[in-house]
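Below: the structure, in structure tokens.
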Amino acid sequence: MSNIYLGYHFKIEPKELGSEILIAELGELPFESFIESDFGIIAYIQKQFWNANILDDLHILNSPEFIVSYTFETIDQVNWNEEWEKNFEAINVDGTCHVRAPFHPKTNAKFDIVIEPKMSFGTGHHETTHMMIQHLLAIDVTDLKTLDMGCGTAILAILAEMKGAKPIDAIDIDNWCYLNSIENVERNNCHSISVFEGEALLLKDKKYDLIIANINRNILLEDMATYVSCLNKNGIILLSGFYQDDVTIIDASCTENGLTFINKLERNNWVALKYMN
């Protein structure tokens, strides 16, 4: 007999950062599957592990920085493969990079990336990941020593290797992202990517020609000096994970740390910036 599940539909503002924090908190509870939605996330838990007070200790629900609302429903006989396929569509970036799940057919795109993100962010659907892919497609990264900071699914590290970057470090503080990145690196037959679990402290004494950081504004500002200290002369840094309204403060931090602005991409009010050292 199939297990009975409850499906929680969370609406979150701001969505990107709020979803990351909410998934991290729900991951400490018996919630076992998460799907990104247009407004936030859908989280599933087996009814046998559920109780009416299960969300009482979630900090994000009481945080003034986020607006979170939710409804939930009882779901019987969940077909996870069907649910997953229904909510994940392959994407094509500029006709050059195709990002798909394992169940999607292979294409003739120059860069065909297979990602099974599970609970990790970075499928290429979000505006920030899409723009970072566009930035990478426009750069000759051949033999550039590269860092993918806050790698999520490691999609950007994988694309960098496909374009000739090496060696590559992919780092994420979240254990699920770390494990998922290892899976995706292996799935795409990458051999130049090393995946690490941790934060900016791991960058001590490291040097890179290219740094990719698709995180959130506050972490970028907090760790900007560390990133720049790791960037070789004439190195490139790509930054995203923030809105157009945040560009002024991000640019001020970059300038203060000696970076030179090169160009900007914008998509639905999200922004991705390119700088050089």
Pairs where the first residue, in the range 87-100, is part of a loop (DSSP other than H, G, I, E, B) and the second is modelled with pLDDT under 90 and among the aromatic types (Phe, Trp, Tyr), C-beta under 9 Å, 6+ apart: Phe88/Phe103
In the range 24-48, the residues that are in a helix (DSSP H, G or I) and at pLDDT below 90: Ala24, Lys47, Gln48
Cβ-Cβ under 8 Å pairs, at least 6 apart or on other chains, the range 47-59 side touching a residue at least 24 places away in the same chain (Cβ under 8 Å), far side surrounded by 10 or more Cβ atoms within 10 Å (Cβ to Cβ) and of a type in the set (Asp, Glu): Leu58/Glu25; His59/Glu25
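Among the candidates Asn277, Asn234, Asn184, single out the residue that is more than 26 Å from His98 (Cα to Cα), in contact with a Ser or Thr (Cβ under 8 Å, 6 or more places away or on another chain) and not hydrophobic (A, V, I, L, M, F, W, C). Reasoning before the result, please.
Details: Asn234 fails: in contact with a Ser or Thr (Cβ under 8 Å, 6 or more places away or on another chain); Asn184 fails: more than 26 Å from His98 (Cα to Cα).
Within the list Asn277, Asn234, Asn184, the selection yields Asn277.
So, of the residues in the range 92-138 that are on the phi > 0 side of the Ramachandran plot and of a type in the set (D, E, K, R), which turns out to be modelled with the lowest pLDDT? Give the derivation first.
We begin by selecting, within the range 92-138, every residue on the phi > 0 side of the Ramachandran plot; these are 94-95, 118, 122, 124.
Narrowing the set further to residues that are of a type in the set (D, E, K, R) leaves 94, 118.
Details: Asp94: 89, Lys118: 61.
Once the filter is applied, the top-ranked residue is Lys118.
Answer yes or no as to whether Asn62 is within 29 Å of Glu127 (Cβ to Cβ), of a type in the set (S, T, N, Q) and open to solvent by 70 Å² or more (accessible area, probe 1.4 Å).
Details: within 29 Å of Glu127 (Cβ to Cβ): yes; of a type in the set (S, T, N, Q): yes; open to solvent by 70 Å² or more (accessible area, probe 1.4 Å): yes.
So Asn62 passes the test.
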Entirely in the range 170-277, the helices (runs of 4 or more DSSP H) that have 2 or more residues that are in contact (Cβ under 8 Å) with a residue 40 or more places away in the chain and surrounded by 18 or more Cβ atoms within 10 Å (Cβ to Cβ): 175-187, 217-229
Conditions (1) open to solvent by less than 20 Å² (accessible area, probe 1.4 Å); (2) at pLDDT 90 or above; (3) not hydroxyl-bearing (Ser, Thr, Tyr): number failed by Lys145: (1)
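The values are calculated or read from the model by the stated rules, or taken from the named source; none is laboratory data. If you're wondering where the values come from, they're calculated on a predicted model, not measured in any experiment. Quick reminder, even Gly has a Cβ in these numbers, built from the backbone with ideal geometry, and neighbours come from all protein chains shown. Protein only, heavy atoms only, side chains kept; ligands, DNA and RNA dropped before computing areas. Shrake-Rupley method; radii C 1.70, N 1.55, O 1.52, S 1.80 Å.
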